[in-house]
Amino acid sequence: MIDRATIDKILDATNIVDVVGEFVSLRKAGVNYKGLCPFHDDTTPSFMVSPAKNICHCFACGEGGNAVNFLMKHEQITYPEALRWLAKKYNIEIEEKELTPEEQQQQSERESMFIVNEWAMQYFQDILKNDPDGIAIGKQYFRSRGIRDDIIEKFNLGYALPQRDALAKAALKAGYQEEFLVKTGLCVERKDQEGRRKEDSPLADRYSGRVIFPWLNVSGKVVAFGGRLLDSRTKGVQQKYVNSPDSEIYHKERELYGLFQAKKAIVKEDRVFMVEGYTDVIAMHQSGIENVVANSGTALSEFQIRILRRFTQNITLLYDGDEAGIHAAMRGTDMLLAAGMNIKVLLLPDGDDPDSFAKKHSATELKEYIEDNQTDFITFKTRITIENVTDPVKRSEAIGGIVKSISVIPDQILRSTYLSELSQKMGIKETTLLNSMNNMIRKDIEDKEKERARANGETAASVAEEPQRAVPNEFIGLHTVDEQTREVERLLAQVIVRHGEKVIFEDIETEDGDKISLTVAQYINYDLSQDNLKFHDELYNQILAEAVEHCGDPDFKAEAYFMQHPDVQISQLATKLAIDRHQLGKGFQLKEREGGLRQHVLHLVLDLRMDIIDKRLKDIQTEIRQVGGDMERAKALMEEFKDMQELRNALAKQLGNDVVG
């Protein structure tokens, strides 16, 4: 457990811009910073980071909070894990009490797997540096590939001893559980011919005798490993590499090799180079080009593209020029375009991959070659699929394929620009290409709608009727009384978060003759409790209760307290209330009135009471219409209606409105 003093120390040291900047490309926007939201498919920067308030907030999807909330959501980690991440970043030592057996049992499986992987990475590194076999075999291999010691250190490269259970024995001796050695994929269970577990030697190392390439996720946690056979053992072997299997902490389609080491350079250069393998990434880093990642031979996934888009919209696919390289460059192109990425392609001369090419050239030469030879995807696809094709049908199909790629681009102007370029290259009228593209877009929309309908169990007839469906009556009124009440409650919660600890009434004399002062939170709580009123939203009630409870604390600041709250729901809500400047339409606006904080609070409380009374008046009118022949009930309702009207008029007078019955 982390004590409160240490938590406060961590939060005080945390800079929200530094933390978010590890994962999102941020640009200055006045006193704040903006970037693409990492929590939804953002197309325009809607994620705001406030260094003054030390919080972040997305104005599109509503996600946000302090640095801890951000890490919890982004990295899918727990509150203590996020605190440890920050403590490590800011070099703050955490002294934790020894966990009880019960608490150890509650340690999350994910955290246990991360811990085992971190240990394994250090184990492989230690073998490479200090073990005679590691130095003679593993380090010699890296040196034969021209990899410098500083790059070995940068990418945490290592070596696994050839003994089939060397790591397993070392891990078990160090106290790590067999369960997590298997779940991370570091070891596999050994079984006899009958499929029974070998009790004398139950575990075998997955990577024995291989050089090791650790996979770090975007936040630097070890999620997986790749192990490569040494050159002397690869003759006739198809599978040179063995990679970690999918697990609770690793899914290959969600990770990019080298992203942790590359992310700052990607932001700085506003471009990412995509290559195929581990050594391609390492060789380019060694040549001075650091904004490079690898998808390790798999097709790009939407998740990987979304990760890259947080850092840049510009990507260059950098592959060797053989058939496999061309195929790799073609894969995922449409997905990149649909995500709004600006694609360039560079196929290296035959016989070279990024690894070998980088070794032959200096950093300056490599950068110049890339700049001079990379082409946009239209030129690339035209050269690959259309040039030297004379058959009219095949040529038409190839042009259609390029138009299809253009059709997925979300930016209309960019689509038009590419169509114009294709028209000039192919000598085809732009209107012809435009009509073809529009038909493709229309068909794609129809197909998606049919797929949605099938998923929802709708019939073909219902799909056909969809555009003509009328708007339900309940959505016609934009600002109902209930909505107005919710908005007043939101504004009251907002003033509690922003100013809850501030005194607005001083030296009030009680019935006992004592004098007291009331803060914003205490006054709101006192006024509402007079009639047993509560907020409809339980989070608002919790915020009010905690504000009242802590108002007596000498250092209590409501805004900081709630934005750093361990309950992620409260901290996210507090962040939204602290930042939000939400305004309703002209039909209903609640403006902060003149006269200072006290007047503003008084008016909000009166507004809430007015809304409650208005709602009750409407309910009474409905009940009167439905009362039928029950005259006694009708009379009671009329009397209540009269009392409520008088109370409403009195409140209206206090509010300064010209409202009459």
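Rounded to the nearest 20 debye, the dipole magnitude of the chain is 2500 debye, with +1 charges on Lys and Arg beta carbons, -1 on Asp and Glu beta carbons, and the Cα centre as origin.
To the nearest 10 degrees, how steeply does helix 538-550 sit against the main Cα axis of the chain, on a 0 to 90 scale? Once rounded, one gets 80 degrees.
For the chain, the share of accessible area belonging to carbon and sulfur comes to 48 percent (1.4 Å probe, ligands and nucleic acids excluded).
Rounded to 0.05, the FRET efficiency of the Ala634 and Asp567 pair, given R0 = 41 Å and the Cβ-Cβ distance, is 0.30. Here the relative contact order of segment 358-441, from alpha carbon pairs under 8 Å that lie six or more residues apart, stands at 24 percent. Positive end of the dipole of the chain (Cβ unit charges, origin at the Cα centre): among Phe377, Met335, His603, the Cα lying farthest that way belongs to Phe377.
Determine the distance separating the Cα centre of segment 616-655 from the Cα centre of segment 166-202; give it in Å without decimals. After rounding, the separation between the Cα centres reads 76 Å. Per residue, the accessible area of the chain comes to 52 Å² when a 1.4 Å probe rolls over the protein heavy atoms.
Which one of Ala224, Tyr33, Ile212 has its Cα pushed farthest toward the positive end of the charge dipole of the chain, where Lys and Arg give +1 and Asp and Glu give -1 at the Cβ? Toward the positive end, the furthest listed residue is Ile212. This structure gives volume of the Cα convex hull per residue in Å³, computed directly, and of [x] 196; [y] 281; [z] 165 that value is listed as [y].
Segment 142-165 and segment 336-407 have their alpha-carbon centroids 33 Å apart.
Under a model in which nothing but the beta-carbon of Lys, Arg (+1) and Asp, Glu (-1) is charged, segment 272-382 shows a dipole of about 520 debye around its Cα centre. Computed with every protein chain present, the accessible area of Phe59 is close to 120 Å² [probe 1.4 Å]. Here the relative contact order of the chain, from alpha carbon pairs under 8 Å that lie six or more residues apart, stands at 9 percent. Annotation for segment 1-46 versus segment 517-586: alpha-carbon center distance of 23 Å. For the chain, the longest principal axis of the Cα atoms and the long axis of helix 520-529 meet at an angle of about 60 degrees. Positive end of the dipole of the chain (Cβ unit charges, origin at the Cα centre): among Ile612, Gln193, Leu422, the Cα lying farthest that way belongs to Leu422.
Suppose a student asked you for the relative contact order of segment 133-284, using Cα pairs under 8 Å spaced at least 6 residues apart; what percent would you report? About 21 percent, as a whole number.
The values are calculated or read from the model by the stated rules, or taken from the named source; none is laboratory data. Since we're looking at a predicted model, the values are computed, not measured. With ideal geometry, Cβ positions are generated from the backbone for all residues, glycine too; neighbour counts draw on all protein chains shown. We work out accessible area using only protein heavy atoms, side chains counted, and drop any ligands, DNA or RNA first. Shrake-Rupley method; radii C 1.70, N 1.55, O 1.52, S 1.80 Å.
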